[in-house]
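Worksheet for the structure shown next.
The values are calculated or read from the model by the stated rules, or taken from the named source; none is laboratory data. None of these values were measured; they are calculated from a predicted model. Please note: Cβ atoms are built from the backbone with ideal geometry, for glycine as well, and neighbour counts cover all protein chains shown. Surface accessibility is based on the protein's heavy atoms, side chains included, excluding ligands, DNA and RNA. Shrake-Rupley method; radii C 1.70, N 1.55, O 1.52, S 1.80 Å.
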Amino acid sequence: WTYLEMDAPRAESPKPPVGAPQRFRRVGFLETSGFESWNEVSRIMAPLYARAATIAPDSDLRAEIAAIAARTSDPKERAFAALRLVEDKTRYFFVGIGDGGYVPAPADLTWSRKFGDCKSKTVLLLAILKELGVPAEPALVSLGGGDGMNERLPSLAAFNHVIVRSRIDG
């Protein structure tokens, strides 16, 4: 362990500037990290999403994917249909127990129980898009944290949401 002790009984926290972007309002904070880089955070998280974003050969989800594939070969239309499927057929419900705060549930589990949090719904959409030949990846994001993430120390705690990023036709 490394300890940092500070004796400052009359210390006053600086006042953040009024109307400034969020990154300028982070005053009076001390941040520590066990990560060497943001890439290290990514290397830890990426395999969790890759492992969970698979669909079993006998999954009922395959029929839904086949229906989308039969309707269109256009990647944009396929991506939109996949997103509608996930949004229309699964409810959002946060699961934060055990490893649930960081580890997504498998796509088939989310599909079978018809609910999942942002991690699980992201994995479900990634799995469907992969089957439809649409390139996509998970992206950890910080909602409400403002810009300036690059100025912070790498940390899993910096993120409170995950979304799907897909680049189609540029």
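Values as computed for the structure displayed
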| quantity | calculated |
| --- | --- |
| Test for Asp99: is it modelled with pLDDT under 95, within 23 Å of the chain's Cα centre (by Cα) and not in a loop (DSSP other than H, G, I, E, B) | yes |
| Failed criterion for Ala70 (all others in (1) surrounded by fewer than 16 Cβ atoms within 10 Å (Cβ to Cβ); (2) among the hydrophobic types (A, V, I, L, M, F, W, C); (3) within 15 Å of Val162 (Cα to Cα) hold) | (3) |
| Residues within region 145-170 that are among the basic types (Lys, Arg) and part of a strand (DSSP E or B), tallied | 1 |
| Inter-residue pairs, beta-carbon under 9 Å, first in contact (Cβ under 8 Å) with a residue 24 or more places away in the chain and within 15 Å of Asp117 (Cβ to Cβ) and in region 143-161, second open to solvent by less than 30 Å² (accessible area, probe 1.4 Å) and not charged (D, E, K, R), 6+ apart | His161/Cys118 |
| Neighbours by Cβ (under 8 Å, 6+ apart or cross-chain): first from region 1-24, loosely packed, with under 10 Cβ neighbours inside 10 Å; second at pLDDT below 85 and not hydroxyl-bearing (Ser, Thr, Tyr) | Leu4/Leu30; Ser13/Val27; Ser13/Gly28; Pro14/Val27; Pro14/Gly28; Lys15/Val27 |
| Candidate set from region 102-129 (those that are in contact with a Phe, Trp or Tyr (Cβ under 8 Å, 6 or more places away or on another chain) and part of a loop (DSSP other than H, G, I, E, B)); member that is surrounded by the most Cβ atoms within 10 Å (Cβ to Cβ) | Pro104 |
| Region 81-100 - residue that is exposed (fewer than 13 other Cβ atoms within 10 Å of the Cβ) and of a type in the set (Gly, Ala, Ser) and, of those, farthest from Leu61 (Cα to Cα) | Gly98 |
| Test result for Asn160, in contact with a Leu (Cβ under 7 Å, 6 or more places away or on another chain) and open to solvent by 80 Å² or more (accessible area, probe 1.4 Å) | yes |
| Residue within region 130-144 that is β-branched (Val, Ile, Thr), assigned to a loop (DSSP other than H, G, I, E, B) and either surrounded by 18 or more Cβ atoms within 10 Å (Cβ to Cβ) or in contact with a Pro (Cβ under 7 Å, 6 or more places away or on another chain) (or both) present | yes |
| Pick from region 33-61, criterion closer than 13 Å to Ala107 by Cα and in contact (Cβ under 8 Å) with a residue 60 or more places away in the chain, ranking: most open to solvent (accessible area, probe 1.4 Å) | Thr54 |
